[in-house]
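The structure under discussion appears below in the form of structure tokens.
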Amino acid sequence: MNDKTYNGWTNYATWRVNLEIFDGFDPYDNFSDDQRHMQDNLAGYLKDYTEEIMYQSGGGDGNLAVDYALAFLQDVNWHEIAKHMIADYAEVAE
């Protein structure tokens, strides 16, 4: 069996993106929607947000570093990060 989990997350990519990009990120400050669809919509928003950061910091399309970063991001479990954010926010709001 090939276990790719990392520090309780789906994999290293998911753990690292959550830690380095979304630590302290409040989904309700940056995104609001019907709670029923929040997780799916938030996951897409987080993916788009992160890809935009890669493009801005790496110089855009065709840059080798951007291409590698985007390849790394394909392994991220965006729904897991969104679910974690929503759960953290609910804990703080209590």
Within the stretch 54-79, of all residues that are part of a helix (DSSP H, G or I) and aliphatic (A, V, I, L, M), the one nearest to residue 11 (Cα to Cα) is 73
Restricted to the stretch 26-52 and to residues being touching a helix residue (DSSP H, G or I) at 6+ places or on another chain (Cβ under 7 Å) and outside any helix (DSSP H, G or I), the residue modelled with the highest pLDDT is 26
Of those in the stretch 64-83 that are exposed (fewer than 15 other Cβ atoms within 10 Å of the Cβ) and not hydroxyl-bearing (Ser, Thr, Tyr), the residue farthest from residue 17 (Cα to Cα) is 64
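The values are calculated or read from the model by the stated rules, or taken from the named source; none is laboratory data. For clarity, every value in this text was computed on a predicted model and none was experimentally measured. Cβ: placed from backbone, ideal geometry, glycine included. Neighbour counts: every protein chain shown.
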